[in-house]
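Novice: Below: one structure in structure tokens.
The values are calculated or read from the model by the stated rules, or taken from the named source; none is laboratory data. Please read these numbers as outputs of a predicted model, since none were measured by experiment. For neighbour counting, all protein chains shown are included, and Cβ atoms are generated from backbone atoms with ideal geometry for every residue, glycine included. Ligands, DNA and RNA are stripped out before the accessible areas are found, and what is left, the full protein with its side chains, is counted by its heavy atoms. Shrake-Rupley method; radii C 1.70, N 1.55, O 1.52, S 1.80 Å.
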Amino acid sequence: MTRCALARKAGSTTIWYVETIHKESLYDFAQTLADYGFTDAIYLTGGNNGNTFYRTPSNSICGVADWKGYGNNLLIFKKTK
């Protein structure tokens, strides 16, 4: 199963969206996050569903925003200034 998470490095206010390309065990995914210096993470379920969508800091769209029938399963974070 592919894995997804929102993660943060110690002392940083930047939130990273992390997604694997290859199938990973949950243990290997958690270890990789730690190896890259992430100290806090929120695991996002549904890594294989194909509806992964996010915007980059420059507001570019990544993924497919096709959530028909998934309206009750969305958790949306918005940074306010």
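Novice: Restricting to the range 19-31, count the residues that are surrounded by 10 or more Cβ atoms within 10 Å (Cβ to Cβ) and not in a strand (DSSP E or B).
Specialist: Here the count works out to 9.
Novice: Could you figure out which of (1) open to solvent by less than 60 Å² (accessible area, probe 1.4 Å); (2) at pLDDT 85 or above; (3) touching a Gly at 6+ places or on another chain (Cβ under 8 Å) isn't true of LEU6?
Specialist: Answer for LEU6: the failing condition is (3).
Novice: Something else: Within the range 1-18, can you find the residues that are part of a loop (DSSP other than H, G, I, E, B) and more than 10 Å from PHE29 (Cβ to Cβ)?
Specialist: ALA10, GLY11, SER12, THR13, THR14, ILE15, listed by residue number.
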